[in-house]
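*Asks:* The structure follows.
Any read-out appearing in this document is the output of simple, stated calculations on the displayed coordinates, not a laboratory observation. Note that the coordinates shown come from a computational prediction; the quantities given were computed from them, not determined experimentally. Note that each Cβ is placed from the backbone with ideal geometry, even for glycine, and that neighbours are counted across all protein chains shown.
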Amino acid sequence: MMSLPRLNTILATCLITTLVLWIVIPFAMALMWSMVDPGTSWSYPDILPPALSFERWRIMWETSSLKTAMFNSYSLAPVAGMIAIILGAPTAYAFGRLTFPGKGIAQILMLTPIVLPGFVTAVFFASILVSLGFHSRYFAILLGHVVLFMPYAVRILSVSFSQVNNEVVNAARDLGASPFGVFRAAYWPAIKPGLFAAYLIVFILSIEEFALAFVIGSPTFTTVPTILYSYLGYDFIRPNAAVVAIVLVVPNVLLLIVLERLMQSANPANVSGKG
Amino acid sequence: MPNGLRIILLLTPGLGLVMTLMIWVLYRAFAQSFGLYNFNGDDLLTLSHWQGMFQNRRYWNALEWSGYIAVVSATLAVAVAYPLVIWLRRPFKGSFLLSALIKAPYFVPGLVAAFLLINVISYHGFVNEFLIWIGVWDQPVRMQNDKNGYAIIGLQVWKQLPLAFLLLSGAVAAIPDNVLHAAQDLGAGTWDRFRKVVLPMTVTAMQASLILIFIGAAGDFTFQAVAGPTRENSLATLMVTYQGASYSDWNGAAVIGVTLMVLSLLGSIVFAALVQIVAKLMERV
Amino acid sequence: MPDLDIRNVEMRFGGFCALSDVSLSVSSGKFITLLGPSGCGKTTLLNIIAGFLHPTQGSVLINGKGVTSLRPENRDTAMCFQSYALFPHLNVHDNVAFGPRQKRVARAETQSRVSTLLSQMGLDLHSTKLPNALSGGQQQRVALARALAVEPGLVLFDEPLSNLDAKLRDQVRSEIRSLQRELGFTAVYVTHDQAEALAMSDEVFLLNGGRIVQSGKPRDIYFKPKTRFVADFIGAANLHSGPINSGAMTTPFGPLSVDSPNLSMSTVCWRPESAALGGPLSGVVSSAAFQGSYLDVFLTKDGETIRLQISGDQHLEVGQTVSFGVPRDRVVIIEDTDTGQANA
């Protein structure tokens, strides 16, 4: 009979190989599709594209609305992140450091945007905007993103606030620090990683968000996800979609790696693996 | 400053803003489904939009389809995640890499995931070319937009598995080794330890995973629009169709939206109850 | 009731040797303690007896039958865990009934065992509560009841009192001991608290660095330590080194009588409370702390310090010179090495 650790190793190796292929093959295919030379097509008997070039990237950059979409996405996300943490921080402070009646319920209510189906929120938010005669798509989507993703920011920040050491706060006061001095000595070091993590998660989610951007933005205000959808839905242009998919996914994966690091330092319990 | 006022002031910009908008949106959906805020005519409190939808085959098909996709996706994702979590409870060589790979899809946006899958299963995609190359198939098989929605379910499971994995592994990691040792010491073998200790102690996480995945899959638009069968609609795609330029029937869309929320709520209740019952039965057996 | 036999057990974790060549035997109905500092291997040994760990060498016999490869669930042992390890999803009653149900004890029998134990532990009123609604002391009792409900021949205690406060600790300690006498199970008790070990045990096994350094009755371990480690670990000890000539060792404090012929270099040890005022030795009081029942005195001379514990009604001033004596039979010669080979 095969020994258990050996069986484990074999199973793990098989699964790891499958999962790596499962990720590598689709991305490799997307990369190849994005680099298919527009002059020579890639069709059935060829396993690999006959000719590779960056021609498609150049055409997309110069002629499509990708540039505008990227500008829109990347001007929404940083502002949404900023506003979400500014508006969310007081709530996070209350959740993390204060006790009050109804706190449990308040914390659950904070999750409503996550639980409600995204397209329901998007459509009826749009309906409200129609009634109000509100026409700035940028600000509408911005407000939507702030509200939709604030729960994530509040969650991270309230953990950070709860980790501020009371004794350090008292010590700072005891030594005569001003309110700002107390903040800098006791609060800032504890919440700094959490603030960055909260900002980043809102940023990443805002870049990826599709429902609101699609329902409220289309057809005039494009973001990277809506332009990707336009190449996947109405008329399927695979090489273009491949370019946009890579533009969408690569920066976010890099940011997520940063986020992962930050989350570990934001929550020391994660690092020690104790719990 | 009195404490109550201070807390209200603290909560206003965050929770206050979120609740205002969410309640407004919810109210708007309910009100429009009953004929208020009618953009194409007079506001009139009426059941006619509901009645109209109830006579519409597309509505029932979409409800059935979304329910089917959501039930199958949630069940499958948890059924796959649970054994993986148990297996990876104790670290071994490669287990860290393995759990990182399982969590990876969480980082891929839904639209990109759908596009990637299409590339792999399309007529000239990797699977077809590979299977023809090794000689299993003589010609490409059409797998894209299959009529049973396997592509959507596959995408849902792929995308949502990390969520179930994270929630469940958190719960399993929270079971102290000593408690399992105590059970073993009192005569519980592997299977008994699972059904009498591990299962009851992970019920909440399992309910949470099932509910979140069910809600996510029931409200799906992207996967349905990109990889779903062309003849079917999910509730979300149907709702957007009604609201969109060609119909501009906001009240009809509201009926579908409210239906989707009711489906999410009912699905959550049913799944939570089922898990509870199964866990209790397993404990008794 | 079974007896326990451990033969030449060795436990390695990779390159680290947690236990080497440990042998001990316990006759049935006895209460023994595995005592030692943290990292000495005592918990590892307990886990080997319970079956959670498998020794790399050696064997474990319960009642003369080898159980080394038997799984924990099939051994006649029950463990009382340091963190209690109660099932958080089961109420007190179901926690205690877990073992009997698992061992397919008849329903009525299970019921009567559970209610007897719960009333013995004073937990009757709490039987429907969940563990996290109980105090630490109550949880500890539930853990004990749960272990005893399977009527094990061998009960293993893993520092069960270390999470309780001092007063409760004394109370539960005597409860455990009287239960053990009443029910007659064999007990293996792991602790790092020497007072606990001395108070409870029929026999103490002192471990250090993965070996048994000394074993014996509490009294012998205390008054006749064999090594410097044992002398230091159990209680306070005064140590002197030097040659012994005609039954006495010359110390800075004066000649100390030793019950031994001439020896070139050796180390001797005596307990602070063995000293009495008046005698051939003397030193200067550097501190004297009143502890109620006794006076804790530190004496110095020529840069060396010793400790005396004399009756609390004495009064000494710092700086005062005090003469004292130590009875010859309370001074023991010890090995001044800590290789742990003393048990040979």
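*Asks:* Rounded if a/c is under 1.5, else prolate if a/b beats b/c, else oblate: with a ≥ b ≥ c from the C-alpha gyration tensor eigenvalues square-rooted, which is segment B:150-285?
*Replies:* It comes out prolate by the Cα gyration axes.
*Asks:* Additional query: So for segment B:57-284, averaging the separation of alpha carbon pairs under 8 Å that are six or more residues apart and normalising by length, what relative contact order in percent results?
*Replies:* 30
*Asks:* If you don't mind, another one. Counting each DSSP H run of 4 or more residues in chain A as -39500 (n - 2.57), what helix-only mean residue ellipticity at 222 nm follows after dividing by all residues, to the nearest 500 deg cm²/dmol?
*Replies:* Calculated at 222 nm, the ellipticity per residue is -24000 deg cm²/dmol.
*Asks:* Over what distance in Å are the Cα centres of segment C:1-37 and segment C:160-186 separated?
*Replies:* With segment C:1-37 and segment C:160-186 each reduced to a Cα centre, they are spaced 22 Å.
*Asks:* When a/c is below 1.5 the answer is rounded, else prolate if a/b is larger than b/c, else oblate, so apply that to segment B:57-284 with a ≥ b ≥ c taken from the square roots of the Cα gyration tensor eigenvalues.
*Replies:* Verdict is oblate for segment B:57-284.
*Asks:* Normalise the Debye intensity by I(0) for segment C:253-343, one equal point scatterer per Cα, no solvent, then take log10 at q = 0.17, 0.25, 0.26 Å⁻¹ and round to two decimals.
*Replies:* Taken in order of the listed q values, log10 I(q)/I(0) reads -0.77, -1.30, -1.36.
*Asks:* Please find, in a Gaussian network model of chain A (springs between Cα atoms separated by less than 10 Å), the residue of A:LEU19, A:LEU109, A:LEU254 whose mean-square fluctuation is greatest.
*Replies:* Looking only at A:LEU19, A:LEU109, A:LEU254, the largest GNM fluctuation is found for A:LEU19.
*Asks:* Give, in whole angstrom and from largest to smallest, the semi-axes √(5λ) of the equivalent ellipsoid of segment C:163-297, with λ running over the eigenvalues of the Cα gyration tensor. List each step's numbers first, then the result.
*Replies:* Details: eigenvalues 232, 83, 30 Å².
Its equivalent ellipsoid spans semi-axes of 34, 20, 12 Å.
*Asks:* Arrange C:GLU182, C:GLU175 by Cβ neighbour counts within 10 Å, fewest through most, would you?
*Replies:* Details: C:GLU182 9, C:GLU175 16.
The fewest-first ordering by Cβ neighbours comes to C:GLU182, C:GLU175.
*Asks:* With the crude spin-label approximation of a point 7 Å out along Cα→Cβ, what separation in nm comes out for C:ASN245 versus B:LYS280?
*Replies:* 8.8
*Asks:* Still on this structure: I'd like to verify something in chain A: which complete DSSP H helices, judged by Cα projection on the helix axis, reach 20 Å or more and average at least -1.0 on the Kyte-Doolittle scale?
*Replies:* Long hydrophobic helices here: A:4-34, A:66-97, A:118-132, A:137-162, A:188-208, A:238-266.
*Asks:* If R0 is 35 Å, what FRET efficiency do you get for A:SER218 and A:LYS192 from their C-beta distance, rounded to 0.05?
*Replies:* It comes out at approximately 0.35.
*Asks:* If you average the sequence gap of Cα pairs under 8 Å that are 6 or more apart and divide by the length of chain C, what percent do you get for the contact order? Write down the numbers at each step before the final one.
*Replies:* Numbers: 729 pairs, mean separation 56.4, N = 344.
Reported relative contact order: 16 percent.
*Asks:* Under a plain spin-label model, where a point goes 7 Å from the Cα along Cα-to-Cβ, how far apart in nm are A:GLU62 and C:HIS315?
*Replies:* 10.7
*Asks:* Let me ask something else about it. Given the rule -39500 (n - 2.57) for each run of at least 4 DSSP H residues, summed and divided by the residues of chain B, what is its mean residue ellipticity at 222 nm, to the nearest 500 deg cm²/dmol?
*Replies:* -22500 deg cm²/dmol
*Asks:* Let me ask something additional. Rounded, prolate or oblate: which one fits chain A, using the alpha carbon gyration tensor with axes a ≥ b ≥ c (rounded when a/c is under 1.5, else prolate when a/b beats b/c, else oblate)?
*Replies:* Judged from the Cα gyration tensor, chain A comes out oblate (a/c at least 1.5, b/c at or above a/b).
*Asks:* Averaging sequence separations of C-alpha pairs under 8 Å and six or more residues apart, then dividing by the length of segment A:49-199, give the relative contact order as a whole percent.
*Replies:* 33
*Asks:* Continuing with the same structure: Mind giving me the FRET efficiency for B:VAL127 and B:GLN55? R0 is 35 Å, r the Cβ-Cβ distance, nearest 0.05 is fine. Don't skip to the answer; put the middle values down first.
*Replies:* Values: r = 42 Å, r/R0 = 1.19.
According to the calculation, E is roughly 0.25.
*Asks:* So how do C:ILE32, B:ILE277 line up by other beta-carbon neighbours within 10 Å, fewest first?
*Replies:* Listed from fewest to most nearby Cβ atoms, that is B:ILE277, C:ILE32.
*Asks:* Mind checking segment C:276-340 for GluC sites (Glu not before Pro) that DSSP puts in a loop (not H, G, I, E or B) and that have at most 11 other Cβ atoms within 10 Å?
*Replies:* Those that pass, being in a loop and sparsely packed, are C:GLU317.
*Asks:* Using a 10 Å cut-off around each Cβ of peptide B:219-229, what is the average number of partner chain Cβ atoms that fall inside?
*Replies:* Partner Cβ neighbours, averaged per residue: 4.
*Asks:* Can you tell me the alpha carbon radius of gyration of segment A:168-248 divided by the globular rule-of-thumb value 2.2 N^0.38 Å?
*Replies:* Compared with the compact-globule rule of thumb, segment A:168-248 sits at 1.91.
*Asks:* If you scale each eigenvalue of the Cα gyration tensor by 5 and take the root, what three semi-axes come out for the protein assembly as shown, rounded to whole angstrom and sorted largest first?
*Replies:* The equivalent ellipsoid of the protein assembly as shown has semi-axes of 69, 32, 29 Å.
*Asks:* Which FRET efficiency value, to the nearest 0.05, do you get for A:PHE183 and B:TRP87 by plugging their Cβ-Cβ distance into 1/(1 + (r/R0)^6) with R0 = 51 Å?
*Replies:* 0.65
*Asks:* Compare C:GLN194, C:GLN180, C:GLN171 in a GNM of chain C, Cα atoms joined below 10 Å, and give the one with the largest fluctuation.
*Replies:* C:GLN171
*Asks:* In addition: Taking springs between alpha-carbon atoms closer than 10 angstrom, which of B:ASN233, B:ASN145, B:ASN61 fluctuates most in the Gaussian network model of chain B?
*Replies:* Among B:ASN233, B:ASN145, B:ASN61, the largest mean-square fluctuation in the Gaussian network model of chain B belongs to B:ASN61.
*Asks:* Taking neighbour counts of Cβ atoms within 10 Å as a proxy for exposure, in what order, fewest first, do A:CYS14, C:CYS269, C:CYS17 appear?
*Replies:* A:CYS14, C:CYS17, C:CYS269
*Asks:* Something else now. I want to check the label-to-label distance for A:SER53 and A:LEU4. Put each point 7 Å from Cα in the C-beta direction and report it in nm to one decimal.
*Replies:* Those two pseudo-labels are separated by 6.1 nm.
*Asks:* Give me the inter-chain shielding for A:127-135: mean count of other chain Cβ atoms within 10 Å, whole number please.
*Replies:* 3
*Asks:* Counting each DSSP H run of 4 or more residues in chain C as -39500 (n - 2.57), what helix-only mean residue ellipticity at 222 nm follows after dividing by all residues, to the nearest 500 deg cm²/dmol?
*Replies:* On the way: 8 runs with 84 residues, N = 344.
Roughly -7500 deg cm²/dmol at 222 nm, from the helical runs in chain C.
*Asks:* Other chains' Cβ within 10 Å of B:239-245 residues: what's the mean?
*Replies:* 4
*Asks:* I want to verify the translational diffusion coefficient of segment C:64-161 in µm²/s; compute it with Stokes-Einstein, Rh as the Kirkwood radius over Cα pairs, at 4 °C and 1.567 mPa s.
*Replies:* The diffusion coefficient I find is 94 µm²/s.
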